[in-house]
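Notes to accompany the following structure.
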Amino acid sequence: MCYVFRMTRFIYIADSHLGAGDSGYTMHPKFDEQIPVILAALQSWIAENNPIDFILHGGDMIHETSVASIQAVSDHFDLPIPVFLCLGNHDLTAANAVDDWLRFAPDFFLAGSTDFAITTDDCMIHVMPNQYGPTPFHWESTQDSHFLEAQIETLEARITSHPDATHLLQTHSPIHAIEPGQSGFAEPFHQPPESFTSAVVRLAEKHHILCVLGAHSHINSNRELNGVNYITVSSFVETPFDFKLFEVGADSLSMQTFNLWDRVGFRTDYNWNNTFVQGRSCDRAFDRTLEVVPEPENPKPQKEGPMAEVTVYHNPG
């Protein structure tokens, strides 16, 4: 069923790393074992700020791929609104990871694929997990971020079939490094391969993608380049439990960052040496007015691409 609102409102989180325990990369104290409590706090926030249409998870939902971990997060993220997942490297540590995700957590994806589009009345969000090494959809150790040619071809066909939509792209790896102006470090932090940055920037500018969402760094950042906002989000299970609210309307696109620190109800610490992780004001929020292109008097019907029809999700509130 489709419910029509004046704008699409969705929550963006990432890097919940269920099962990591004391291991793994962190920027702040981590509480992955408290995911049920953190999600309950998020649901409380949603109830006070409805309507929210869906939650988009930017990847690394689990720390190591196993059927048990996939089933656990499928249970934890069984929420009143849809939850969609862009697979990250930690979600792909087994050779058969994609098959296991689609079998044991199919509701995180659309059209039976890990590459899909979330289509609403206001926008299309293209979920396209990036690759890390020579074996597609399998991460072992390398961080050679890239896309498969088939992924790019499918994305371009889908965008071309919907030229008037507001397009956003979701992947896992960050597109740009964290600059010294934010971190205070002498050098850029979490520098992605230049080939990956160039490929994504080229795609975004060629197809007028207005926003590219990433994760992986566990840091809030926003770099605006040639009319495109490149976003990363901090870890959902690290203090202070940040998440982002995106609102997309016919002529607007905005982002705000909130946290659940005062809602989780358990004792937490904070690494005051890493306050840059939460980002500056420009990294935590933006508000854009979009150029509205008038429709021609006699528009030509658009030829549909090869993609399966995608369900439109809206939460009635």
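The values are calculated or read from the model by the stated rules, or taken from the named source; none is laboratory data. On a predicted model such as this, the values are computed, not experimentally measured, just so you know. As a convention, Cβ positions derive from the backbone with ideal geometry for all residues, glycine included, and neighbour counts pool all protein chains shown.
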Every residue in region 103-122 that is part of a loop (DSSP other than H, G, I, E, B), closer than 20 Å to Glu153 by Cα and not aromatic (Phe, Trp, Tyr), please. Ala111, Gly112, Thr114, Asp115
Pick from region 234-256, criterion among the small types (Gly, Ala, Ser) and outside any strand (DSSP E or B), ranking: nearest to Met61 (Cα to Cα): Ser235
Filter region 1-13 for residues that are at pLDDT below 95 and touching a His at 6+ places or on another chain (Cβ under 8 Å) and give the result. Cys2, Tyr3, Val4, Phe5
Go through region 265-291 and count every residue that is in a loop (DSSP other than H, G, I, E, B), closer than 21 Å to Trp45 by Cα and in contact with a Pro (Cβ under 9 Å, 6 or more places away or on another chain). 1
Can you name the residue in region 125-147 that is of a type in the set (Val, Ile, Thr) and at pLDDT 95 or above and, of all such residues, is farthest from Phe246 (Cα to Cα)? Thr135
Taking the conditions exactly as written (aromatic (Phe, Trp, Tyr), farther than 24 Å from His63 by Cβ, surrounded by fewer than 22 Cβ atoms within 10 Å (Cβ to Cβ) and out of contact with any Asp or Glu (no Cβ under 6 Å at 6 or more places or on another chain)), does Phe185 satisfy them or not? yes
Options Leu56, Leu87: the member that is in contact (Cβ under 8 Å) with a residue 60 or more places away in the chain, touching a Leu at 6+ places or on another chain (Cβ under 9 Å) and not hydroxyl-bearing (Ser, Thr, Tyr): Leu56
Among the numbered conditions (1) of a type in the set (Val, Ile, Thr); (2) within 19 Å of Asp115 (Cβ to Cβ); (3) surrounded by 17 or more Cβ atoms within 10 Å (Cβ to Cβ), tell me where Thr160 comes up short. (3)
Quick one: Lys300 ticks every box in (1) within 29 Å of Thr119 (Cβ to Cβ); (2) among the basic types (Lys, Arg); (3) loosely packed, with under 14 Cβ neighbours inside 10 Å; (4) at pLDDT 95 or above bar one, so which box is it? (4)
Residue under question is Ser74, and the condition is that it be farther than 17 Å from Lys244 by Cβ, polar (S, T, N, Q) and more than 18 Å from the chain's Cα centre (by Cα); does it hold? no
Has region 82-102 got at least one residue that is in a loop (DSSP other than H, G, I, E, B), at pLDDT 95 or above and within 17 Å of Pro36 (Cα to Cα)? yes
Which strands (runs of 3 or more DSSP E) does region 145-233 wholly contain that include 1 or more residues that are basic (Lys, Arg) and touching a strand residue (DSSP E or B) at 6+ places or on another chain (Cβ under 7 Å)? 221-225
What residue, among those in region 128-146 that are within 30 Å of Arg9 (Cα to Cα) and touching a Leu at 6+ places or on another chain (Cβ under 8 Å), is surrounded by the fewest Cβ atoms within 10 Å (Cβ to Cβ)? Phe137
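Here's the yes/no breakdown for (1) among the polar types (S, T, N, Q); (2) surrounded by fewer than 19 Cβ atoms within 10 Å (Cβ to Cβ):
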site: His17; (1), (2): no, no
site: Trp45; (1), (2): no, yes
site: Asn49; (1), (2): yes, yes
site: His63; (1), (2): no, no
site: Leu85; (1), (2): no, no
site: Phe104; (1), (2): no, yes
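State whether the residues of region 14-26 include one that is part of a helix (DSSP H, G or I) and modelled with pLDDT of 95 or more.
Taking every residue of region 14-26 in turn, none turns out to be part of a helix (DSSP H, G or I) and modelled with pLDDT of 95 or more.
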(1) touching a residue at least 40 places away in the same chain (Cβ under 8 Å); (2) within 26 Å of Ser252 (Cα to Cα); (3) within 13 Å of the chain's Cα centre (by Cα) all hold for Thr119 apart from (3)
